[in-house]
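The values are calculated or read from the model by the stated rules, or taken from the named source; none is laboratory data. This is a predicted model, so every value here is computed, not measured. Positions of Cβ are generated from backbone atoms using ideal geometry, with glycine treated the same way; all protein chains shown enter the neighbour counts.
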Amino acid sequence: MVTLPIAHTDRTYTLNPSKIIALGLNYRDHIAESGSVKVRGFTDEIPSEPILFPKTPNVLIGPEEPIVLPAFLEGYGFEELRTDYEAELAIVIGKRCKNLDPRDARGVVFGYTCMNDVSQRNLQTADRSGWFRGKSLDTFGPIGPCIVLPEDLGDPQELGLQCRLNGRVVQDSNTRYMIFPIPEILAFVSKNFTLMPGDVIATGTPSGVGPIEHGDVVEVEIQGIGTLRNPVRSESAGSRP
């Protein structure tokens with residue numbers, strides 16, 4: 001549960017979603033880097049329909065809260081532990097909906113915000129059940145810094161999106177490059193799952209994803225929304241700086 005300000009108002013909104021649905025492989029340039037990401041199920045094929053996976057609500061943290069790399073991962077003996085940042089535009093649902101027509105889809109949107117779809121790559125590759133665990137560890141869904149209402153944002157399909165790691169630009173794209181645009185995403189997701197007010201849909205990440213480690217700072221900035229900033233802390237590091 002995370003409470004965020006609503007931009008251009010004096011109100012706040014508490015995010016307590018029944019579900020978080022995320023899209024994989026929704027930018028062509030991210031698909032092209034599949035060889036370096038090395039995750040099972042991540043291929044260079046352009047998907048024919050949106051690829052969906054869940055993130056559980058325990059992932060949600062707000063601005064400036066730490067992304068925590070769990071200590072238990074070190075017990076697996078993976079040759080190289082890798083947890084990645086993924087900058088994304090997130091949609092907050094405002095109305096209960098099912099089987100949306102793409103032409104009506106934007107009418108169910110409460111607002112938009114930034115999200116970091118933090119991903120534990122070793123678990124994504126090793127787990128026979130797929131991506132579920134690697135996407136849903138505690139703190140693996142920073143969100144914020146605010147929610148912008150649709151009428152205050154303009155065209156959500158024309159937003160610059162950037163991620164910075166320790167001040168260095170590592171992702172730099174625009175939401176216009178999504179393979180599946182927002183109306184199609186909302187229609188497809190609502191065909192599969194009834195969407196409820198407060199549900200969150202993460203719309204995919206562009207190229208440039210990479211690993212984070214203890215002491216890093218990740219910033220996700222989206223045009224018209226602002227900058228979501230989170231430090232990274234290793235649970236096993238304890239109080240070490």
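Can you name every residue in the stretch 114-155 that is touching a residue at least 40 places away in the same chain (Cβ under 8 Å), among the polar types (S, T, N, Q) and assigned to a loop (DSSP other than H, G, I, E, B)? Correct list: 136, 139.
Of all residue pairs spaced 6 or more apart or on separate chains, those with beta-carbon atoms under 6 Å, a first member in the stretch 171-189 that is hydroxyl-bearing (Ser, Thr, Tyr) and a second member that is surrounded by fewer than 18 Cβ atoms within 10 Å (Cβ to Cβ) are 175/157. Only residues that are crowded, with 21+ Cβ neighbours inside 10 Å, farther than 30 Å from residue 122 by Cβ and β-branched (Val, Ile, Thr) were counted in the stretch 174-217, giving 1. For beta carbons closer than 8 Å, sequence separation of 6+ or different chains, a first residue in the stretch 39-64 that is under 30 Å from residue 4 (Cβ atoms) and a second that is modelled with pLDDT under 95 and in a strand (DSSP E or B), the qualifying pairs are 51/24; 52/24; 53/24. In the stretch 123-167, of all residues being surrounded by 17 or more Cβ atoms within 10 Å (Cβ to Cβ) and either of a type in the set (Asp, Glu) or modelled with pLDDT under 95 (or both), the one that is nearest to the chain's Cα centre (by Cα) corresponds to 131. Listed conditions (1) under 24 Å from residue 29 (Cβ atoms); (2) in contact with a Gly (Cβ under 7 Å, 6 or more places away or on another chain) are all met by residue 93, apart from (1).
Here residue 111 clears all of (1) buried (at least 22 other Cβ atoms within 10 Å of the Cβ); (2) without any contact (Cβ under 8 Å) to a residue 12 or more places away in the chain; (3) not charged (D, E, K, R) except the condition numbered (2).
With respect to the conditions (1) in contact with a helix residue (DSSP H, G or I) (Cβ under 8 Å, 6 or more places away or on another chain); (2) buried (at least 20 other Cβ atoms within 10 Å of the Cβ); (3) under 16 Å from residue 113 (Cα atoms), residue 220 falls short on a single one, namely (1). Look at the stretch 194-215: where a residue is without any contact (Cβ under 8 Å) to a residue 40 or more places away in the chain and farther than 14 Å from residue 106 by Cα and a partner is of a type outside the set (A, V, I, L, M, F, W, C) and buried (at least 18 other Cβ atoms within 10 Å of the Cβ), sitting 6+ places away or on another chain with Cβ atoms under 9 Å, you get 215/233; 215/234.
Restricting attention to the stretch 8-65 and to residues that are among the polar types (S, T, N, Q), within 14 Å of the chain's Cα centre (by Cα) and part of a loop (DSSP other than H, G, I, E, B), the residue that is modelled with the lowest pLDDT turns out to be 26.
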